[in-house]
Structure formats: C-alpha cells, structure tokens
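The block underneath contains the structure these notes are about, expressed in structure tokens.
The values are calculated or read from the model by the stated rules, or taken from the named source; none is laboratory data. As the structure is a computational prediction, the values presented were derived from the model and not from experiment. Cβ coordinates were reconstructed from backbone atoms using ideal geometry, including for glycine residues, and neighbour counts include every protein chain displayed.
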Amino acid sequence: MTTGQELRIGIIGYGAMGKAHSYGYKVAPLIESLPVTPRVTVISGRNAEAVARAAHDYGIPAWTTEWRELIERDDVDVVDICTPPGTHAEIAAAAAAAGKAVFCEKPLSTNLSDAKTALAAVTAADVKNAVGFNYRRLPAVALMQRMISEGAIGKVLLWRAIWLSDEFADPTTPYDWRFDASMGGSTIADLGCHLIDMALWMAGPVTEVCAQSTTFTTERSSGVGQNPVTVDDSSQALMRFESGARGSLEVGRVSMRRPCDFTVEVNGTRGTLVFDYSRLNELQFGSADDDVTLYGMRTIRTEHPTHPYAANWWAIGQGVGYGSSFANQVADLLRGWPEEKWQPSFAHAVKVQAVADAMERSAFADAWIAIDRVDR
C-alpha cells in the first residue's frame, strides 16, 4: 500500500517500547497508503547479547551497543528513542544536532528543565519532533476527543482520570531504574503524563494543581544492599483548567490485580463521555438530549468506518488492541511527510511536563501550585 522512498529509522532501546515501536513501523504500511516506506535499519542497546537477539526477533538488520554511533549512521533519517526517561533529553539533543528527525517515547524527560533543553535542541536544528502519547491513537479515545471538540457534551465542566497498576505492589520486587526518579521519573511523570496529555487535549490548559504523593515501600533490594526508592507509589491531584473546568487525576502502582487499568471521564453541560481501557473498543456516552425514558449511558462500539482510525482496520465487530495504537501513531507521523509538522510535538510534551512538575512540587509543599510558577 505504501509508495515512495524508504524512510530509515534507528531505534535506541530494545525493550518493551523498542518492540512496540518496531511493530508500529511494520504494520503502518499495511493499514494506510503512505508517501514513504518506514524501515528500521538499526537498533541499539547497552547489552550486546540482548540487543542482538532483539534485532533478530524484530527483523532489524543491524545493531550496536553505542547509541551515538546509531545517530551518526548515514542510513538513519529518524532517531526513535525508547530508553528510560532520564536519558531522553541528551539523546534527543544529539539526534537533533545531527540533523535527524526525533521521535521520543513519553515522557520527554524526568523534569521540566531537561524537557526544555530537548525542545530547544530540536527547535534550533529545525527537525521534525514528536513524543509518543500512543493512547490518544486508540479509536475510542480519539472519538472521545472529537466529540468533545464538536460540542457533543456541551462545555466541559469536569475531567477526571484514574490509572492503576500493581507493578510495585510486591515489596520484594528488586531495585532497578524504575525506582530512581532521576532515571525513570515519578509515577506522576511516567504514568500520569498519558493522562495529563489527554487532559490538555480534551479540556485545555491547566492553570494550577494540588497534589499528594506516597511511597509505601521506601527501600528495595539491589542484590548487594538496600537502595532508597525515590519515586511515588501513588499520587492524586486536583486540577483547575483555564476554561473554568475542574479535574482530578490519580495514578497508583500498588493496586493489586490491576494490571494496566485506566479510565477517563468528562462531564459537560449537555452530556458525559467515559472511556475504560479494559474495554478499549467502546465509549460510553449519555446526552441531555436523549429520550428521558431511555435515561442512562449508551455504549458506542468505536469500530464504524466514520470513527477515527477504524476504517483502516477490521470489519465492525473485530476491534483493535494495544498494538494498533503504535501503528496508528506511525501512520499519523508519516502521512504528511515531509511537509507536515509532527504532533504531539516536543512543545506539547513540555506543557505536559510542566503540569507533572507542578504536581510533584505541590505534593512536596502541600500547597496549590500555579503552572506558570514552574513553566518559566
């Protein structure tokens, strides 16, 4: 289905996100005719044996243990960053300086200062840039945002989201980079950034926040000793939007038997929309204009060809899954190559990071924090 020249991608990082992004590049040309054919030419990682195995499994012809070497290769047009968040800004800046387009997995960084450094680098180099908020590429989530923008629920009054997992629930889980805030970022920044992205996308700018955070297991074993845990196990935040709307957000990694469960609900003056990731091909909708004898919420199967992304996938009733968000993401980025700017860009990711940083500061200070106090 794809025509035109090859667009050559180098992926830095071979773990779960490296695998997901590689999948996206392979599948995108199957679902949409694109002006270029994406081809992953090389992948990098610190462990030679592991990255070599990943290259073989993902069908990538070359690998290296030096990410700087990958950036300098002549057969790389786009640098795709899938490493821990604490490394993102440095790699993005180096890729931009080499004149490469940069696609970075979320969050852009672990702190606002480094995120701004990455934005400054891609701006100075004038290279394409985007951050991987892949969940907004699910048909139901995209339809939710479209319905809000088209006025289906009237003016947004309340926005709320909850993301629960149990990946930190076991106190014997050994220490690794995920428990180091400087490398993995807080739970607010790591999980919460997806929700903050949706909040800004659906309800507009956030002006101030008030948050609390807790770490229940304060030390983890590294095998040779105990290391302090510097990330939050659970956080909650209240948000005030520029529009006058109010919001709330909760993220937690100690919710037993909740593998990766998140919900987003928006209440407006004329209706309500609810998305539940455990039923990712459905959207709940209730309107004040509905027949009162049918009071309640209806289920929209977000598989009709008129719904976002759905026409490129399967027949109604088959649905899509997590992997489709990465294929849709690639298609969105490459559809307008080379003229159109990528979205969501590093500039948007900096706005997300500012809200996350404000939440972290609020939790520490036990006070409301204005976004413009941190975004300077």
Exercise for review: Take the stretch 118-135 and flag every residue that is buried (at least 17 other Cβ atoms within 10 Å of the Cβ) and either among the small types (G, A, S) or out of contact with any Ser or Thr (no Cβ under 8 Å at 6 or more places or on another chain) (or both).
Suggested key: A118, L119, A121, V122, A125, V127, K128, A130, G132, F133
Study note, to complete from the structure: The strands (runs of 3 or more DSSP E) lying wholly within the stretch 265-376 that contain at least 3 residues that are within 22 Å of E250 (Cβ to Cβ) are 271-276, 282-287
Revision key, fill the gap. Log entry, pairs with first residue in the stretch 198-221 being in the same structural domain as D357 (by TED's automatic domain parsing) and within 30 Å of Y175 (Cβ to Cβ), second being surrounded by fewer than 19 Cβ atoms within 10 Å (Cβ to Cβ) and of a type in the set (F, W, Y), beta carbons closer than 6 Å, six or more apart or on different chains, reads R220/Y175
Revision key, fill the gap. Residue pairs qualifying under the 8 Å Cβ cut-off, at least six apart or on distinct chains, with the first in the stretch 289-300 being within 13 Å of G271 (Cβ to Cβ) and the second being not in a strand (DSSP E or B), are D289/R270; R298/D290; I300/A140; I300/L143
Revision key, fill the gap. Considering residues that are without any contact (Cβ under 8 Å) to a residue 60 or more places away in the chain and closer than 24 Å to V355 by Cα, the number found within the stretch 141-166 is 2
Check your understanding: Looking at the stretch 155-175, is at least one residue part of a loop (DSSP other than H, G, I, E, B), of a type in the set (F, W, Y), in contact with a Gly (Cβ under 9 Å, 6 or more places away or on another chain) and modelled with pLDDT of 95 or more?
Key -> yes
Practice item. Considering each residue of the stretch 227-246, count those that are touching a Phe, Trp or Tyr at 6+ places or on another chain (Cβ under 8 Å) and among the polar types (S, T, N, Q), and give that number. Key: 3
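Do any strands (runs of 3 or more DSSP E) lying entirely in the stretch 1-106 carry at least 1 residues that are under 22 Å from Q343 (Cα atoms), and which ones are they?
Output list reads 6-12, 37-44, 78-81, 101-105.
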Check your understanding: Restricted to the stretch 229-261, and to residues that are in contact with a Leu (Cβ under 7 Å, 6 or more places away or on another chain) and closer than 13 Å to D166 by Cα, which residue is surrounded by the most Cβ atoms within 10 Å (Cβ to Cβ)?
Key -> V251
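Can you tell which of T173, T214 is β-branched (V, I, T) and over 23 Å from A367 (Cα atoms)? Break it down into steps so the answer makes sense when it comes.
Numbers: T214 fails: over 23 Å from A367 (Cα atoms).
Going through T173, T214 in turn, just one is β-branched (V, I, T) and over 23 Å from A367 (Cα atoms): T173.
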Practice item. Report whether or not R279 is at pLDDT 95 or above, over 30 Å from V36 (Cβ atoms) and of a type in the set (K, R). Key: yes
Check your understanding: When only residues in the stretch 165-188 that are among the polar types (S, T, N, Q) and over 9 Å from G86 (Cα atoms) count, which is surrounded by the fewest Cβ atoms within 10 Å (Cβ to Cβ)?
Key -> T172
Check your understanding: So L280 fits all but one of (1) under 28 Å from I369 (Cα atoms); (2) surrounded by 18 or more Cβ atoms within 10 Å (Cβ to Cβ); what number is the exception?
Key -> (1)
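Filter the stretch 8-19 for residues that are hydrophobic (A, V, I, L, M, F, W, C) and surrounded by fewer than 24 Cβ atoms within 10 Å (Cβ to Cβ); which is nearest to S325 (Cα to Cα)? Before you say what the answer is, go through the steps one by one.
Of all residues in the stretch 8-19, those hydrophobic (A, V, I, L, M, F, W, C) come to 9, 11-12, 16-17.
From what is left, the residues that are surrounded by fewer than 24 Cβ atoms within 10 Å (Cβ to Cβ) are 16-17.
On the way: A16: 14, M17: 12 Å.
Here the answer is M17.
Working carefully through the options A169, A125, find the one that is touching a residue at least 12 places away in the same chain (Cβ under 8 Å) and outside the structural domain of Q329 (by TED's automatic domain parsing).
Values: A169 fails: outside the structural domain of Q329 (by TED's automatic domain parsing).
It is A125.
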**Study point:** Selection within the stretch 273-314 - within 23 Å of A161 (Cβ to Cβ), among the polar types (S, T, N, Q) and out of contact with any Gly (no Cβ under 9 Å at 6 or more places or on another chain)
**Key:** S278, Q284, T299
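What residue, of A62, A93, is farther than 14 Å from R8 by Cα and not β-branched (V, I, T)?
On the way: A62 fails: farther than 14 Å from R8 by Cα.
The unique qualifying residue is A93.
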Study note, to complete from the structure: Of the residues in the stretch 177-224, those that are among the aliphatic types (A, V, I, L, M) and part of a strand (DSSP E or B) come to V206, V209, A211
Review point. Does D375 meet the test of being at pLDDT below 95 and out of contact with any Phe, Trp or Tyr (no Cβ under 7 Å at 6 or more places or on another chain)?
Key: yes
Practice item. Kindly indicate whether any position in the stretch 260-267 is at pLDDT 95 or above, touching a His at 6+ places or on another chain (Cβ under 9 Å) and not β-branched (V, I, T). Key: yes
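Residues being among the small types (G, A, S) and either in contact with a Cys (Cβ under 8 Å, 6 or more places away or on another chain) or part of a loop (DSSP other than H, G, I, E, B) (or both): count how many of those fall in the stretch 245-264. Full working, then the answer.
Just the residues of the stretch 245-264 that are among the small types (G, A, S), to begin with: 245, 247-248, 252, 255.
Those still in the list that are either in contact with a Cys (Cβ under 8 Å, 6 or more places away or on another chain) or part of a loop (DSSP other than H, G, I, E, B) (or both) too: 245, 255.
Residues in the stretch 245-264 being among the small types (G, A, S) and either in contact with a Cys (Cβ under 8 Å, 6 or more places away or on another chain) or part of a loop (DSSP other than H, G, I, E, B) (or both): 2 in total.
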